[in-house]
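For reference, the structure is listed below as structure tokens.
The values are calculated or read from the model by the stated rules, or taken from the named source; none is laboratory data. Only a predicted model underlies this, so the values are computations on that prediction, with no experimental measurement involved. Quick reminder, even Gly has a Cβ in these numbers, built from the backbone with ideal geometry, and neighbours come from all protein chains shown. We work out accessible area using only protein heavy atoms, side chains counted, and drop any ligands, DNA or RNA first. Shrake-Rupley method; radii C 1.70, N 1.55, O 1.52, S 1.80 Å.
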Amino acid sequence: MLFSSIVFADGVASLQEFFENTNSMRAKFHQVVNDNKGRKVQEVDGTMQLQRPNKFRWDYNKPYEQQIISDGKQVFLYDTELQQVTIRDLSKALGSSPAAMLAGGEAVEKSFILKNAIRKDGLTWVLALPKDKDSGFERVLLGFKTEKLRKMEMVDSFNHTTLITFDEVERNPSLQDATFLFTTPKGVDVVGE
């Protein structure tokens, strides 16, 4: 027999399919951050939503309550405990932010080198290596199952690992434009970058 029955999962194709066929997404997430020695330094749950092009919203629950919102032009990072919002131009965040990477799509191959990755967990994985050495990330891994994003793993320049697991994933839900608008609450400091 010349052909093997083993099918190698194609993570790059899964990512491209995700960008071509996912115009919006909504999910719950669980995020764990480990330091460079593997010790857990943060664990938080939340919800995320994205709408192409370039709109996204990540709401982190207590104890690390914050919001990361892009209206398609700017990214707002709102820390409720510090009562501070940091505003960045989206074009500066696109290449480096995994959240912006998911919402952008078209420019992913301009900003990242994409390679198939294999893990024995039933998911189809793609490895994204940032071309910009100042992105803050060494690598990003995305795991897909049945055409839905299920896991995202990021290793930053300090060798900290952030693992995000997505649940209750909805593909192409109808999302309101107001979801991606940020209004600075009274008394909150605004910091520009």
Could you state how much accessible area Thr146 has, in square angstrom rounded to the nearest 10, with a 1.4 Å probe and all protein chains kept in place?
110 Å²
log₁₀ I(q)/I(0) of the range 74-193 at q = 0.20, 0.21 Å⁻¹, via Debye over equal Cα point scatterers, no solvent, to two decimals?
-1.27, -1.32
Sort Val85, Val32, Val41 from largest to smallest accessible area, using a 1.4 Å probe on the heavy atoms of the protein chains.
Val41, Val32, Val85
Could you order Tyr64, Tyr78 so the one with the most accessible surface comes first? Probe is 1.4 Å.
Tyr64, Tyr78
Express in nm, to one decimal, how much length is gained between Glu138 and Asn36 on full extension, taking 0.36 nm for each residue of separation and deducting their alpha carbon distance.
35.4 nm
Measuring from the longest principal axis of the C-alpha atoms of the chain, the long axis of helix 11-21 (C-alpha) lies at a number of degrees, nearest 10, equal to 50 degrees
In percent, what relative contact order does the chain have, based on Cα pairs under 8 Å that are 6 or more apart in sequence?
25 percent
Of Lys151/Lys186; Lys73/Lys148; Lys62/Lys133; Lys40/Lys120, which sit over 30 Å apart, Cα to Cα?
Lys151/Lys186; Lys62/Lys133
Residues of the range 165-193 with amide nitrogen under 17 Å from the 7 Å Cα-to-Cβ point of Asn21?
169-173
Once every DSSP H run of n ≥ 4 in the chain is given -39500 (n - 2.57) and the sum is divided by its residues, what mean residue ellipticity at 222 nm do you get, rounded to the nearest 500 deg cm²/dmol?
-3500 deg cm²/dmol
Compute the signed sum of charges (Lys and Arg +1, Asp and Glu -1) over the other residues within less than 15 Å, Cβ to Cβ, of Arg171.
0
Testing the spin-label approximation: label points 7 Å from Cα along Cα→Cβ at Leu181 and Asp10. State their distance in nm.
4.2 nm
Among Ser135, Ser24, Ser174, residue whose mean-square fluctuation peaks in a GNM of the chain (springs only between Cα atoms under 10 Å)
Ser174
Residue-span extension gain [Gln74 to Lys28] - 0.36 nm each, minus C-alpha spacing:
14.2 nm
Sort Lys131, Lys37 by accessible area with a 1.4 Å probe, largest first.
Lys37, Lys131
